[in-house]
Structure formats: C-alpha cells, structure tokens
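**Q** Shown below is the structure under consideration.
The values are calculated or read from the model by the stated rules, or taken from the named source; none is laboratory data. Note that the structure is predicted; figures quoted are calculated from it, not measured. Cβ placement follows ideal geometry from the backbone for every residue including glycine, while neighbour counts extend to all protein chains displayed. Side chains included, ligands, DNA and RNA excluded: accessible areas come from the protein's heavy atoms. Shrake-Rupley method; radii C 1.70, N 1.55, O 1.52, S 1.80 Å.
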Amino acid sequence: MRKNVWDDEEAMGAALRDSVDGPAPMPKVGVDQVMRQGRRRAAVRRGATLLGAAGVVAGIGLSTVLAGGFGGGLFTPASNGEETDYQRSPQREQAAVEPLPGWTLVDGCPLLDQYGDEVPADLGPLPQVEIPSAGVIEPLLRAALVDQQPESEPAITFATTEYSEKYQSPRVAVNMDLVGTETPGSIYLEALPHHGSPTEAADRAAADKVSRAPSCEVVAQRMTLDDGTVVQIYGVVSGGYNANSPSQGVDVFHPANYSVSIDADGHLSTDFESSADDPAMGGLPEDAGTGVVPLTTEELAAVGLALAEMG
C-alpha cells in the first residue's frame with residue numbers, strides 16, 4: 001500500500017498546534033468549501049463528462065493525474081524508482097489579476113483565520129433556488145464568446161441541467177471548445193446556488209484563492225452592478241502537472257442566490273485521452289494544451305458581464 005506523506009504532515013501540524021494553542025479546532029468542512037474545491041478540479045469533472053458524452057468514459061485517474069494541477073500537487077515516484085518514496089510535483093499558482101478600468105481590487109484575507117482556513121467554513125446546505133437551464137445559458141454564453149472573438153467557432157461539447165447529489169442542489173454545466181482562433185481553448189461554465197448575498201459569496205470565493213496568490217490584494221477584481229449582481233475575475237492559474245494548460249476564471253454572483261463560474265482553459269476537449277491500461281478511464285496528458293488562456297482578461301471580464309445580464 002502506498003504511503004500518503006500528508007498523513008505525517010497532518011499529524012505533525014496537529015502536534016505543533018497542540019503544543020502552542022492546545023487542541024486543534026475541529027475540522028471545518030462545509031458545503032461551500034466542497035463546492036469551491038470542486039471548482040478547482042473543473043477540468044477533472046469536465047474531462048470525465050466530455051469523454052463520456054462522446055461515447056468514451058473519461059478518467060485516466062483524473063483525480064490523480066490532474067491533482068497536481070488543481071490544488072494539492074501530484075505524488076510521483078522518486079528518482080530512485082522506489083514506489084514507496086514519493087515526491088511532490090509543482091503546484092498550480094495564482095497570478096496577480098490584470099488591472100481593469102472601473103473594477104475594484106479585492107482583498108481575500110479578512111475571511112481567513114490564523115491557520116488560513118475560511119471563516120465561517122460551514123454555512124449549512126446550499127439554498128434550493130431556481131437556476132436558468134442549460135438551454136437558456138448556452139446560447140447566452142455562445143453569443144458572449146462570439147462578441148469577444150467574432151472569428152471564433154464555439155463548439156458545444158456538453159450541456160446539462162440536473163439535480164446534483166454531490167451538492168444536494170440544482171446544477172447546470174456547459175462546456176464549449178473555442179476553435180477557429182489563434183488561441184483555441186475550452187470554456188467551462190458551472191452554475192450552483194450560493195449562500196448569503198452576492199457580495200458575501202464573492203468574498204468567500206476571493207478567500208479561496210488566497211492560498212495560491214502572491215498576496216491578498218491581488219487575488220481578484222470586482223464590479224458590482226446596480227441590481228446587486230457581483231462579477232469577480234481572478235488572475236491566471238498556471239504551472240503544476242498540466243503546465244501547458246493555464247486557466248483563468250470569472251464568477252457571476254446573482255441576487256437570486258446562484259452563481260455562474262466560467263473557466264477559460266488552455267486545452268481542448270480533444271486533448272483528453274483514454275487510458276491504455278483502463279479504457280474506462282481517461283484524462284489530460286501532462287504535455288497537452290495550447291500554452292495560453294483562450295481569452296484575454298478583458299474578454300473574459302466582458303463574458304462575465306454578459307452573463308450577469310441573465311438575471
């Protein structure tokens with residue numbers, strides 16, 4: 001059985017905290033936290049859905065292959081070849097967001113405690129609210145992309161409206177390949193309910209980015225519309241296992257208690273491959289990707305503002 005080095009690190013961290021502050025606080029894992037962690041692995045879910053929709057079940061150990069690209073890093077065999085000795089691959093890093101005229105800089109640190117955990121962490125179940133269907137969102141997303149890149153040809157790879165057992169809430173997901181341009185890529189949209197006001201939900205989303213950002217002050221930029229909708233854009237995420245597939249995200253927090261998250265990724269759906277060892281699994285190879293985000297910061301921000309008009 002392969003040893004997870006985090007077992008030792010977590011035990012060490014707990015011991016250190018006990019020696020300084022007494023018993024460590026109980027783990028705080030709420031639905032919002034799970035939802036955000038799920039977004040970090042959007043390409044993992046996307047790959048599974050894309051290949052499945054095309055008649056090929058996806059996975060390639062996606063949670064393993066892409067783990068280094070979306071949070072915790074990938075465990076790879078050490079150079080001595082011993083399977084029980086693992087080293088940690090480079091993590092994905094959040095760059096400073098490019099300044100946009102009329103947008104407000106967001107500080108993501110106030111919602112973090114001394115351990116870097118979000119406060120509050122557990123907000124209970126997501127609200128049961130109505131979310132526009134994929135049939136409504138997909139043409140709006142397509143039109144917004146073409147407005148920004150008239151030469152592009154958005155090719156839809158999947159669109160789903162469902163009740164998610166994972167989140168215990170409604171969920172909409174849409175994926176398009178942006179082709180016909182000098183910078184092709186994949187555009188992934190997910191809509192889920194959020195807790196609190198649009199501003200409160202946006203603050204929590206900003207806090208989630210802090211751990212990978214160079215500083216709190218550069219984690220995001222925000223525009224608040226007259227109806228209370230908050231549009232929030234983040235810096236480019238790059239590096240890690242899938243270094244050739246950088247990504248950038250924008251969130252739209254609607255007053256109707258649901259949010260729309262859009263990721264522009266530097267890879268195409270066709271980059272995903274099935275596994276020779278297990279045809280029922282597939283994933284994004286390490287060297288796959290275009291090397292660039294398919295939209296500029298300005299273009300992605302404009303797409304977010306277009307989806308904010310959905311109401």
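Let's see how each residue does on (1) among the hydroxyl-bearing types (Ser, Thr, Tyr); (2) open to solvent by 40 Å² or more (accessible area, probe 1.4 Å); (3) modelled with pLDDT of 95 or more:
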{"residue": "140", "(1), (2), (3)": "no, yes, yes"}
{"residue": "148", "(1), (2), (3)": "no, yes, yes"}
{"residue": "152", "(1), (2), (3)": "yes, no, no"}
{"residue": "176", "(1), (2), (3)": "no, no, yes"}
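**Q** Further question: Of everything in the stretch 84-121 that's open to solvent by 40 Å² or more (accessible area, probe 1.4 Å) and of a type in the set (S, T, N, Q), which residue is modelled with the highest pLDDT?
**A** 104
**Q** Pairs, please: C-beta under 8 Å, at least 6 apart or cross-chain, first residue among the β-branched types (Val, Ile, Thr) and in the stretch 204-217, second in a loop (DSSP other than H, G, I, E, B) and open to solvent by 20 Å² or more (accessible area, probe 1.4 Å)?
**A** So the pair list comes out as 210/109; 210/116.
**Q** Checking residue 259 against (1) in a loop (DSSP other than H, G, I, E, B); (2) touching a Phe, Trp or Tyr at 6+ places or on another chain (Cβ under 6 Å), which test does it fail?
**A** (1)
**Q** Something else about it: Looking at the stretch 245-278, which of its residues are among the aliphatic types (A, V, I, L, M) and within 22 Å of residue 126 (Cα to Cα)?
**A** Across the stretch 245-278, the qualifying residues are 250, 252, 256, 260, 262.
**Q** If you check every pair at least six apart or on different chains, which have Cβ atoms under 7 Å apart with a residue in the stretch 178-192 that is farther than 23 Å from residue 260 by Cβ and open to solvent by 30 Å² or more (accessible area, probe 1.4 Å) first and a residue that is outside any strand (DSSP E or B) and not hydroxyl-bearing (Ser, Thr, Tyr) second?
**A** Listed pairs, sorted by first residue: 180/151.
So that you can scan it fast, the table gives a plain yes or no per residue for (1) farther than 24 Å from residue 144 by Cα; (2) at pLDDT below 85; (3) not β-branched (Val, Ile, Thr):
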residue	(1), (2), (3)
205	no, no, yes
215	yes, yes, yes
230	no, no, no
242	yes, no, yes
251	no, no, yes
276	yes, yes, yes
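**Q** Hey, does the stretch 223-235 have a residue that's in a strand (DSSP E or B) and open to solvent by 10 Å² or more (accessible area, probe 1.4 Å)?
**A** Within the stretch 223-235 (the criterion being in a strand (DSSP E or B) and open to solvent by 10 Å² or more (accessible area, probe 1.4 Å)), the answer is yes, since at least one residue qualifies.
**Q** Out of everything in the stretch 258-281 that is polar (S, T, N, Q) and open to solvent by less than 50 Å² (accessible area, probe 1.4 Å), what residue ends up being farthest from the chain's Cα centre (by Cα)?
**A** Here the residue is 275.
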